[in-house]
Every structure is written in C-alpha cells, then in structure tokens.
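Quick notes on the structure that follows.
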C-alpha cells in the first residue's frame, strides 16, 4: 500500500474501517396494516478491515452480506451501530457522508444495471469526479486514464454506450467508475459472479493489480469460496444476519471451526469424478431471516446441535490466532458435549 | 463407467437421442446469427451428458432446439433430430404437444418460468397428468403426491396446496422437477437448474437429479457453465464453444486430460483450492467469436496459442483423443512429438 497517502490518519495499525453493532431490520410487508414481522437482515455485526487487506465475505442468500455492503455504502441506513472510518465516526463533524462516500466505493454484480444506459462509458466514469467538483475537462481526462488502466482503450471504448460492450468490459467500466473518486476502500459485491470463467480470471487479475497500484483495501463479497480464498487475506462467514466465523483465509477455508463453514466447503462439487459427493452436507434451505431460530441460528441445520445450541446464542469467541467462531463446540465450558475443556487457571 | 467407444460422428444403434448436423440460425437482425453451427450428439437411455460452455456458446440453444422451444418465426433450425423414434423437426402441432412433457421434459434456472404463480402447485401437476394421460382429477392428484414424495419434498400433502411463492428456492426447484416428471418422460433436459441456488442447496438438487436419472432410467442433458457441476451430474461431458461441440468424452478424461486448447484454457483459468495466492491467473486472451461473423475455420483459432494457417481452412474434424474421447482440433492428427 502507499505509505504516503495524505488522507491516512492513524497509520497502518489503525483499521481502515470498523463496524460496531451494526443492525438493520427491514419492515415486513403483509399482515395487519401492511406491517408484518421485520426481516432481520443484519442483526448485530462487528468487524474491522485493516488498511491494505482484502476481507472476503461469504454466506448464502439471506445471510446479510449484501445488506452489510449496502450499509457500508450508506445506500441504506442502519437502525443501530457505528461505522468508523480511519478513526473517524461516520456522521461526526470530522467525517460527513460526502467525504466518506468519496473514500468508499462499490462495484455490483449486475454490470448493466449499475451504469446509466444514456451515458457513454467515458461520461459514466467522469460523472463522479464532476459531481465532486472537478472541471469537465479534468474529469474526462481522468476517465480516459482510468479506462486505459482497466484495459479499455478510451478512443475505442470511451464513446460507446453500456449495451455496446460485453459483460466483462462493462464490469471493467464499473471498476473504473468506482476508482474515479480515488477511494481507499472498494466494496466488491459479487462483482465477478456474473462473468464467464475465462473473463472472471481477467477481471480478478485486474483487481489484484489495481489494489497494489492504488493502495486499495477491498471487501470482497462472493458465493464462490475458491475465488474468495484466492483474493482474501481474511474471511468472514455470515449466517442469518450474524457472523459465524472470521479469521485468516487459509484457516477459515482450510480448517474451519464452525460447522456451517465446513458444510459450505463440503457442498462445493469436486471436479474429480472419483470424488463425487454421495450425500448433501446440509438438508433444507437456509431459514428465513424474518424469524431466525432461537439459540444458535444454525442449530436447525447442524448435525452437532446439542441442548445448549437450542437455548443460548454462542458468542464470537477466539479459537486460534486472529480466528473467531460463534460455535458452542469451540467455546470452552459452553455446555456442549464436544466443547473443549475449560483451561486450568495458571 | 465403461462406455464403449463413442466418437460423436459414429451413429449409435442404441441412441435415444440422435443429433446430426444441427444448425440454428437466429434471423431478424441485420445479419443472421449462427448460434449453433453443426452439432452431432448421441445419448443412450439412462445416460447423463453435461453440455459445458460459456455464454453464447450455443449450449442452451441446442437444448431448446431439442424441445422445439425456439420461436419458429425468428429461427431456422436444420439438421437431423431424432428422439425416441420421433423426427423432432417434423412433428406437427398435436404430436409436438404430446412429445413435450411426454417424451422430453425440461427444467430451467428459474422455476418461475415453469410454474404458474396463480395456481396451487399440486393442481398444476395434476392438470398436466390429466391432459397427457386422460385420467381423473383424483388420479392426477394422487400422481402429484407420489411425485412430491419422489423429489423428497417434506410434508408433501400439505405442500401440494402451496402456491409457488410460498416455497423456498430449493423447494420450488424440486416442485419444478416433479412437474417435469409428471408425464413420465424418457429425457430430461436441464438448463442450468442450480445456478441461482445457494451452494448447500445446489448439491442437494444435483444429488436428486442423479438419483432420479438412475432410478427412472432417464437420459439427461444438463447444460452448465460450471465444471464441478458437470462432473457431479454427468458421466460424459461435451464442451461447446462458438456454436460447435469442440470436445466430448468421459468426464474424467475431458477434465483430467483436456484435448482441445479451449478446454485446456478454460480449466487452467479456474481457481481451485490449490491456486497459489498473489500469482496471476492464466487467462484466455481475446473474447468469444461474433456469431454473426464467425471465423472461417476453427471457432477458437483467433484466440488459440497453437493456431496455424491450416486452422483457418475449415472446421477441424472430430478426432479421437482416447478410447471414448474426441476433440475438434487438428493437433490431434499430428503425431505427438
């Protein structure tokens, strides 16, 4: 990462982003007066992202990963919880929304929906800098630099409309557009998921290069565990609005401590015909975040569930260096038959 | 599996599905688009084939042609399509209607395309059975219940009365499979049916499809872009690129020792748990061919690292790469150096 970023405040030891007690419930539809039970999309989430790292986020539909991303982008406002960016609380006098948004940008899965169909590629990329006060000529020149940087020759592609370029090229435009405000944190929400595999590899290589060149920090959200492992330094696994496990990527995806992470890994089809799965690691669909199960939210699908799992929600406890899991089996003295013994007092 | 030699060019006597020289052109644009440029395939009863390819490779179009689902006014289909004795392209309205569902059924990525949102699922299945088999409503309902049990829907009797939106994604996919099986088809065509599902649900549906294929002796063609999914459901894999079948063989052979440069590039650019971090991924340069203006010879020639002038002279023949493995690459005709 660039050491001389004039915007850096607390130095490399201070997390770039810290999220504390984030909660977002969406009001339910249906029911009396259209007020059904709320969807508890994000239900108490705390994590930090260090400067220059890539935090991978995985989980199934309804786990809250996309809502978390939208809260971080402030497309939706949280009900509770704080977002601290490089030591400054979002919404405080030191960090208003506009200043924050300049530093945090996002790339979405749907490359088409995220571009204005009536703007040419170069107009889309230049739009943000212009809105933030750059002159039209300077904004256009920055757009051309960025298009060149993401592998799109501005003279050939700059004047095209979104429907005139391929999906992979469109996602490159979105990446250029996100970088146009010189952000420090880029949130990639399934940004390569809609791309063909051969194009995906090209875009991942580009993201790796850009991160180094611009000293970026990534939050990389994906359902593809292999891609997340490849891209991330640390990984956060979410389930029904809570963090199930968080820690170093190799530990989480190599030696998971939460049964849900293990099941997610085991559900990946192997490319070896001799190693085909004969039994599904989990049965049923993820439960509905409208009414999450009591106790551990995963207990309804967990083959190790014990009495304590049905009644008490596990905390996110340390299980190894920088590795935390919310599972009674990993927590000494939790009351689960398979929990490790309580260490003797020294 | 001990499949006999299965060069796609060689006609098989026991084939349930026989495709020869299938071409599909989309008309209506400034220039006709050749989405499928001459596909040969044969599939026996009880066999599962995965059709693997990226967007625009022609895999879904091939599948839709087998069920005559492409809009007739805007497409031109040519070639020879024989399924269970039916000449598919010659079927008239009534015979076509019996063929769809009765001989060949299809499942989709989005169950919303197959299930009517305003009718209870049990009634939709019962109606299909009544129309095709001429039985009573009660018999249709009984068959629907049997099918729900067959696809392992929990509390099947209660779920028959549900509307599609009341079911979870995985359950809706199971209901669509039940509907597809309602009229006892011999062939199941699957168009990326698990792509939109979560990983833990996807594997359940893949296992269900394998179980049904085995138990009911179905021939299955499964279209996917995911190598792992292809291997999980199928014994044979056919790789499509630019409207052509470029490689066919036992899944272990095609994935383990790909013979076509495109398959090799596709597999090399995949990220596996062993991919070293921080190392650039190998990629295939360029992009897929423009189907309105396809390259004259091998469709992969413009992107191929091994291309020689001869590659431009015409579509390479399908050459044996092993006992049950063939690829359209002239390099296979060259003795190994």
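The values are calculated or read from the model by the stated rules, or taken from the named source; none is laboratory data. Not measured: the values here are computed from a predicted model. Don't worry about glycine lacking a Cβ; one is built from the backbone with ideal geometry, like all the others, and counts go over all protein chains shown.
Structural remarks
- Filtered by the rule that a residue be farther than 22 Å from residue B:230 by Cβ and within 14 Å of chain A (Cβ to nearest Cβ), segment B:164-198 gives B:165, B:166, B:167, B:168, B:171, B:172, B:175.
- Note on segment B:237-257: among residues that are over 24 Å from residue A:200 (Cβ atoms) and crowded, with 24+ Cβ neighbours inside 10 Å, the one that is nearest to the chain's Cα centre (by Cα) is B:248.
- Top-ranked residue of segment A:283-296 - restricted to ones that are touching a helix residue (DSSP H, G or I) at 6+ places or on another chain (Cβ under 9 Å) and within 17 Å of residue A:62 (Cα to Cα), ranked as farthest from the other protein chains (Cβ to nearest Cβ): A:294
- If you filter segment A:171-183 down to residues that are surrounded by fewer than 22 Cβ atoms within 10 Å (Cβ to Cβ) and in contact with a helix residue (DSSP H, G or I) (Cβ under 6 Å, 6 or more places away or on another chain), you find that the one that is nearest to the other protein chains (Cβ to nearest Cβ) is A:183.
- Among residues of segment A:252-281, those that are buried (at least 20 other Cβ atoms within 10 Å of the Cβ), over 27 Å from residue A:292 (Cα atoms) and within 24 Å of the chain's Cα centre (by Cα), counted: 1
- Of all the residues in segment B:285-305, those that are farther than 21 Å from residue B:29 by Cα and either modelled with pLDDT of 90 or more or not assigned by TED's automatic domain parsing to the domain that holds residue B:31 (or both) number 9.
- Residues within segment A:236-282 that are within 12 Å of chain B (Cβ to nearest Cβ), over 14 Å from residue A:226 (Cα atoms) and in a loop (DSSP other than H, G, I, E, B), tallied: 8
- Filter pass, residue A:151 being surrounded by fewer than 23 Cβ atoms within 10 Å (Cβ to Cβ), within 12 Å of another protein chain (Cβ to nearest Cβ) and either at pLDDT 95 or above or part of a helix (DSSP H, G or I) (or both): no
- Any hit, segment A:298-306, residues being under 19 Å from residue A:264 (Cα atoms), in contact with a strand residue (DSSP E or B) (Cβ under 9 Å, 6 or more places away or on another chain), modelled with pLDDT of 95 or more and assigned to a loop (DSSP other than H, G, I, E, B): yes
- One residue stands out among those in segment B:282-334 that are under 28 Å from residue A:151 (Cβ atoms) and touching a strand residue (DSSP E or B) at 6+ places or on another chain (Cβ under 7 Å): the one that is surrounded by the fewest Cβ atoms within 10 Å (Cβ to Cβ), which is B:292.
- Any chance residue A:42 is out of contact with any helix residue (DSSP H, G or I) (no Cβ under 7 Å at 6 or more places or on another chain) and either farther than 16 Å from residue A:220 by Cα or not in a strand (DSSP E or B) (or both): no
- Tallying residues that are closer than 14 Å to residue B:250 by Cα, under 9 Å from the mean Cα position of the chain (by Cα) and within 14 Å of another protein chain (Cβ to nearest Cβ) within segment B:37-65 yields 3.
- Given (1) exposed (fewer than 15 other Cβ atoms within 10 Å of the Cβ); (2) at negative phi, index of the condition residue A:47 fails: (1)
- Restricting segment B:129-149 to residues that are in contact with a helix residue (DSSP H, G or I) (Cβ under 7 Å, 6 or more places away or on another chain) and closer than 24 Å to residue B:206 by Cβ, the residue that is surrounded by the most Cβ atoms within 10 Å (Cβ to Cβ): B:144
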